[in-house]
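The values are calculated or read from the model by the stated rules, or taken from the named source; none is laboratory data. This structure is a prediction, so every number in the text was calculated from the model and none was measured. For neighbour counting, all protein chains shown are included, and Cβ atoms are generated from backbone atoms with ideal geometry for every residue, glycine included.
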Amino acid sequence: AVSAGSLCRVVRDQPAAPAHKSCPRSLPILCAKIWFLPIPPHLFSINSSVGSGVAMAVVVCVTGAGGFIGSWIVKLLLARGYAVRGTSRRADDPKNAHLWALDGAAERLTMVQVDLLDRASLRAAFHGCDGVIHTASPMHDTPEEIIEPVITGTLNVVEMAADAGVRRVVLSSTIGTMYMNPHRDPDAPLDESCWSDLDYCKQTKNWYCYAKTIAERGAWEAARALGLDLAVVIPVVTLGELLQPSMNTSTRHILKYLTGEAKAYVNESHAYVHVKDAAEAHVRVLEAPNAGGRRYVCAERTLHRGELCRILAGLFPEYPIPTRCKDEVNPPKKGYKYTNQPLKDLGMKFTPVQEYLYEAVKSLQEKGFIQKASGNKGLASRGSSPPQNSTAPVFMSKL
C-alpha cells in the first residue's frame, strides 16, 4: 500500500499518468465480452453462477451519490440498467431523498454509509461491485479541512477497490489539477499530460487544487502498484439542472449574476460543460473496454464572463445581469484551450452552452433559489429550444 504521508514525495518523484497507455493489468476477456458490450448490462449475469439462467444487474458503486454530478451519474446508470450502490456519510440522509425518485431506484438503488477515511466502510461498500465511480470530495477553503481528507480519501478508494476486486475505477477529478501552472504556454491546449504546479498552488493558497493534484497523482501511482484499472474524468465548470435540493459550488458561479449580488463581471474566462454530459462522460469511460489508463478533459467550450452574462441576459432579460466588466482597461482575457477529443472518440456529443445555462436557471427557479421574474421575454417566449448564437467572439471558443 502507498501511505498517504508519502504522496507529496510520490507525485514529485514519479512520472505523470500514462498519456495513451493502458494500466498494467488489462481487463479480463469476460469483461470485454459481457460488461462492456454496448448492450443493456442488465441482460447479462456477471454475479450469478454460469448456467444459472438468472440475470443480475452489473453493480456500480458511486461515492458522493447525492452530489451535483454524482446524482446525474446515478440517474444515467439506473437508466442504463445498472444496479447502483450509492455512498453517503449518512445512508438515511434526507439530502439524498431525490435519488429515490429516479426511475429504477426502487428496484436497483441501495445507499450505504461510508466515511472516506474509514477503509473498512469502503471495503464493505465495494464488495461485490464491478465498477466504482468516485465523485465524493470535500469542498473547503482551509488546508486543514481539505488536504488530508482529499488525499487520504482518494488513496483509500483506490486501495479498497483493488482489494475488493473491482474491475475499473473512474475517478472524478477537477480541471484544477491541470491549469495551475504559471509557466505553461497559454496558447497550448491543455490535455492529459498537463499537471498543476504544486508550489504555485501553495503560493496562491489554492488548497483545493493542491489537494486534488496530489490526490490524483497518488491515485495513479497506487493503481500502477496494485494493477488496478483506473481512468480519470476531469470536468470543468459544470452547469445544468440540479437534481439535488442543495446549492452546489459551480452553480453559485452564475447565481450572483441573477440575483444582482454582482454588479459587474470579472475579466476572466472559464471552460464549461453540461452536468448531464459530465455524468455521461464518467459512464462512457467506465464502459469502454480500452478507456483505462487515461485522463479525459470534459469541457464543451470556453467562455469569457462577459459572454456568459450576455447569454444569460438573452435568455432571461428580466434579471439584473451585469453588463459591465470590473476591468475596464485591459482586453478580455482568453481562457485556456482544452482538448475533449478523447471523449468524442468514445461517442460523446456535447450539449450547447445556451441549453445548459437555460436549464440551470430554470432549475434555480424551481428549487426556490431565485424568484421567477414576471414577463419573461427570453426563451419562454420563443419556444422550448434555447437560441443558438450564430457567431462567437474571439474569447468564446467551442472545443
Next on the checklist: Return the residues of region 248-261 that are more than 22 Å from His282 (Cα to Cα), not in a helix (DSSP H, G or I) and not small (Gly, Ala, Ser); say none if nothing qualifies.
Outcome noted: Glu261
Checklist entry - Hey, does region 232-243 have a residue that's surrounded by 24 or more Cβ atoms within 10 Å (Cβ to Cβ) and touching a Gly at 6+ places or on another chain (Cβ under 7 Å)? => result no
Next on the checklist: I'd like to check something: does region 136-153 contain any residue that is part of a helix (DSSP H, G or I) and polar (S, T, N, Q)?
Outcome noted: yes
Checklist entry - Residues of region 276-329 being among the hydroxyl-bearing types (Ser, Thr, Tyr) and more than 21 Å from Gln354 (Cα to Cα), which ones? => result Tyr296
Next on the checklist: I'd like the full set of residues that are acidic (Asp, Glu) and free of Cβ contacts under 8 Å to residues at least 12 places away in the same chain, limited to region 137-192.
Outcome noted: Glu144, Glu145, Asp185
Item to check | Failed item, numbered, when Glu192 is tested on (1) out of contact with any Pro (no Cβ under 8 Å at 6 or more places or on another chain); (2) not in a helix (DSSP H, G or I) | outcome: (1)
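Here's the yes/no breakdown for (1) closer than 30 Å to Ile311 by Cα; (2) at pLDDT below 95; (3) of a type in the set (Gly, Ala, Ser):
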position: Pro186; (1), (2), (3): yes, yes, no
position: Asn206; (1), (2), (3): yes, yes, no
position: Leu228; (1), (2), (3): no, no, no
position: Ala231; (1), (2), (3): no, no, yes
position: Ser250; (1), (2), (3): yes, yes, yes
Checklist entry - Considering only region 311-329, how many residues are surrounded by fewer than 19 Cβ atoms within 10 Å (Cβ to Cβ) and either under 27 Å from the mean Cα position of the chain (by Cα) or farther than 17 Å from His270 by Cβ (or both)? => result 10
Checklist outcome for this item: Going through region 86-109 in order, the residues found to be touching a Pro at 6+ places or on another chain (Cβ under 7 Å) and either buried (at least 18 other Cβ atoms within 10 Å of the Cβ) or at pLDDT 95 or above (or both) are His98
Next on the checklist: I'm trying to understand the selection: among the residues of region 215-250, which are β-branched (Val, Ile, Thr) and touching a Ser or Thr at 6+ places or on another chain (Cβ under 9 Å)?
Outcome noted: Val232, Val233, Ile234, Val236, Val237, Thr238
Checklist entry - Is there a residue being surrounded by fewer than 21 Cβ atoms within 10 Å (Cβ to Cβ), of a type in the set (D, E, K, R), out of contact with any Leu (no Cβ under 9 Å at 6 or more places or on another chain) and at pLDDT below 95 anywhere in region 146-164? => result no
Checklist entry - Are any residues in region 100-136 in contact (Cβ under 8 Å) with a residue 40 or more places away in the chain and out of contact with any helix residue (DSSP H, G or I) (no Cβ under 9 Å at 6 or more places or on another chain), and if so, which ones? => result Gly128
Next on the checklist: Just to be sure before I move on: is Gly128 in contact with a Pro (Cβ under 6 Å, 6 or more places away or on another chain), over 19 Å from Pro235 (Cβ atoms), assigned to a loop (DSSP other than H, G, I, E, B) and at pLDDT 95 or above in the structure I sent?
Outcome noted: no
Checklist outcome for this item: Going through region 343-387 in order, the residues found to be surrounded by fewer than 17 Cβ atoms within 10 Å (Cβ to Cβ), modelled with pLDDT of 95 or more and of a type in the set (Gly, Ala, Ser) are Gly347
